[in-house]
Amino acid sequence: MPKDAESAGREITVTPQPTGFGAEITGVDLSRPLEPMVLAEIKAAWARHGVVVFPDQPLTLEQLEAFTLQFGPFGHDPYVKPMEGHPNVLEVRREPDEKVTPFGGNWHSDWSFQAQPPAATILRSEIIPPVGGDTLYCDAASAYEALPDATKAKLAALRAIHSASKAYGPDSAYSRELHLRAMPIIVSPEADKTYVHPLVRTHPVTGRKALFISPVYTVGIEGMAPNAADPLLAELYKHLVQDQFIYRHRWRPGMVVIWDNRCTMHNALGGYDGHRRVMHRTTVAGEAPI
Ligand code: SIN
């Protein structure tokens, strides 16, 4: 018997990764408006597992936009020109002849240099290379919880300085590689501005604390000289990217992944030179970290 939207919604299955970080959701059709209970279940899984994967969801750009808006208003995406006719969708594209590091190819939490960084990023896979192109995700909440109490106490009052300068400033890596990339990246002196956030932030839904720093966007610690801040940050990055905090996502075409920028970092891997990779990306507005 054909299932109506309501009964189909009841079949939603959330399958967490063994660590609890990352989960797959099946039994839902993201191309249609979600019933309130299904949306609530997806939001709960997103908060609980940090990264949620929906296989076999070949959404159109309009459906991706509509899915995104069920989580909240679009975030503000600077430094990459959006798609024609889709001002809130970025195309993450790498052509077969590109040799440079993939876009997003170092650990970061999206746009953490903003006053209110995006709560979520949603990525939908269009063209996936036959090898490589995985995305790594890091569980910054579990990493925080695993720190010794003395380290937690030391970090409690610290505020990290975030900036887009290393990625999008006039002297950034991207600025030197613009002609080598298919993506319309925008380099601007605006990127050199800084914004300060708590180094440890508290998730507004789960109440869990997470390290909120990244090698791409964190440029220092407020009130600390670089020769003190840099070794501390390096030690925390080494701690964060240990295997037990990582979920490695292997893409297939037509997958949708939503992640929580408030308690994760991610890193787009290469390994597919000679092949094209195309993804479509939206963000959901977030709140000021506390
Ligand atoms: C990103 O950092 O948003 C890109 C992630 C990816 O392409 O896997």
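The values are calculated or read from the model by the stated rules, or taken from the named source; none is laboratory data. Since this is a predicted model, take the numbers as computed values, not measurements. As a convention, Cβ positions derive from the backbone with ideal geometry for all residues, glycine included, and neighbour counts pool all protein chains shown. Side chains included, ligands, DNA and RNA excluded: accessible areas come from the protein's heavy atoms. Shrake-Rupley method; radii C 1.70, N 1.55, O 1.52, S 1.80 Å.
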Review point. Which of the GluC sites (Glu not before Pro) found in the stretch 117-195 are loop residues per DSSP with 16 or fewer other Cβ atoms within 10 Å of their Cβ?
Key: none
Check your understanding: How big is the C-alpha Rg of the chain next to the rule-of-thumb value 2.2 N^0.38 Å, as a ratio?
Key -> 0.99
Review point. Got a sec? What order do I290, I42, I246 fall in by accessible area at 1.4 Å, biggest, i.e. largest, first?
Key: I290, I246, I42
Point to revise | Pairs of lysines in the stretch 5-284 (C-alpha under 23 Å apart; 8 or more residues apart or interchain) | key: 12
Check your understanding: Relative to the present Cα-Cα distance, how much length would full extension add between D29 and L269 at 0.36 nm per residue of separation?
Key -> 83.6 nm
Review point. Once the piece of chain linking L178 and D134 is laid out straight, how much longer is it, given 0.36 nm per residue of separation minus the C-alpha distance between them?
Key: 13.5 nm
Point to revise | Order of exposure, largest accessible area first, which applies to D171, D230 with probe 1.4 Å | key: D171, D230
Check your understanding: Among T60, T68, what's the order by accessible area (1.4 angstrom probe), most exposed first?
Key -> T60, T68
Exercise for review: Report the calculated FRET efficiency for M224 and A285 (r = Cβ-Cβ distance, R0 = 35 Å), to the nearest 0.05.
Suggested key: 0.70
Check your understanding: Where the accessible area of the stretch 106-158 is counted over protein heavy atoms with a 1.4 Å probe, how much of it, in %, is carbon and sulfur?
Key -> 55 percent
Exercise for review: Express the accessible area of the chain per residue in Å², computed with a 1.4 Å probe while the remaining protein chains stay in the model.
Suggested key: 45 Å²
Practice item. Provide the packing ranking of 276-286, 22-32, i.e. peptides ordered by the mean count of other C-beta atoms within 10 Å per residue, highest first. Key: 276-286, 22-32
Review point. Measuring from centroid to centroid over Cα atoms, what is the spacing of the stretch 61-85 and the stretch 171-223 in Å?
Key: 20 Å
Exercise for review: For the chain, calculate the relative contact order in percent as a whole number, restricting contacts to Cα pairs under 8 Å that are 6 or more residues apart.
Suggested key: 34 percent
**Study point:** the stretch 53-120: GluC sites (Glu not before Pro) in DSSP loop, at most 15 other beta carbons within 10 Å
**Key:** E84
Revision key, fill the gap. Reported to the nearest 10 Å², M83 has, with a 1.4 Å probe, an accessible area equal to 40 Å²
